[in-house]
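What follows is calculated from the coordinates using simple rules that are stated; it is not laboratory data. Everything numeric in this text was worked out from a predicted model, so none of it was measured. All Cβ positions, even for glycine, are placed from backbone atoms using ideal geometry, and neighbour counts span all protein chains on display.
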DNA sequence: GGACAATTGTTGTCGTCAACAACAATCTTC
DNA sequence: GAAGATTGTTGTTGACGACAACAATTGTCC
């Protein structure tokens, strides 16, 4: 859509007599979205909500949410990182990461080790318990990923990951 | 903008190695994501955040957020809808829609008209002011959409909309 | 026709999350 | 050594989703 989208499109045409009293039941499927259909943001938002809901449900037994999973994964792959480094890499506020780590540390999945080279910072590590737990989380996350595949198709999922590779 | 913005901090002495083998300065780019790269949810989430930020910035002058825009668009395309219908179509809690409409009604963009056929419900309409305002919003939203196109490429954006069509 | 269930808008609470601001402790730089 | 920057922390604000409860109204069923 280019300049045409900017024009005030004259009449919304799908109504069935609203002016008088003859209103009828309207199903959600027959409500037009108009300009919204052309917006990537709307589709992406709805899709993201769907994905997160499935992730949360699939990892429900172990009580791990997407953000927690991402934190554990990054720490597991890069032991010793500082909170700042993790926050920057994942695009999380460092203030927010504090609470996330508080929770994960309470569950004995992660430990904050005082860094010897920079006494301001903490070196983040998985606990032994955290390592085995993460292995399980990864299996469940893979199961979730198969749900995504089933939803949009294997090829589409591949293409999606490819298109959005810059954002990871 | 491109990747250049992310590397503002590439400054002088990030020593690459500390003699005792302890820690060294680590750039966000060199932190591995491990399992996260294979997850559609992570990429989609990051992309969605980017999109919303750009939308909010692009529509910043008129102070319209994505959800408000979606509500206005749907009402504009389907005048007379009830709050329930709008909420269901957009996947918004009807409790949440109350506040959204309160705000939009205060700004004289939308009006709630008592329905004569169902005295419980309100028929939602744009005001005259709302119509001309929405036209402007759509122009700005189209501009935002061009930003998306510039970011991921025209063909990729088309493909994305196609892949996610079911979620609209 | 009348009792009972369902729907609509509303209010309120709770938890998640992004965006800031401020602060003490600790580097870094000059 | 002083000035400035960084790290982790605490706190606040506002958008948002999920629920629960409620009054007014409508729909249904016997």
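Peptide B:44-56 has a mean shielding of 6, counted as Cβ atoms of other protein chains within 10 Å of each residue's Cβ.
With 0.36 nm allotted per residue and the present C-alpha distance subtracted, the residue A:92-residue A:106 stretch has 3.0 nm of extension available.
Label point 7 Å out from residue B:117 along Cα-to-Cβ: which residues of the stretch B:46-90 have amide N under 14 Å? Counting only backbone N, you get B:79-83, B:85.
As a rough guide to protection, the peptides B:35-45, A:48-58 ranked by mean Cβ packing within 10 Å, highest first, stand as B:35-45, A:48-58. Computing Rg and the Kirkwood Rh from the Cα coordinates of the stretch B:34-168 gives a ratio, Rg/Rh, of 1.03. Counts of other chain beta carbons within 10 angstrom of each beta carbon in peptide A:152-159 average 3.
Look at the stretch B:85-95: the mean tally of other chain Cβ atoms within 10 Å of its residues' Cβ atoms is 3.
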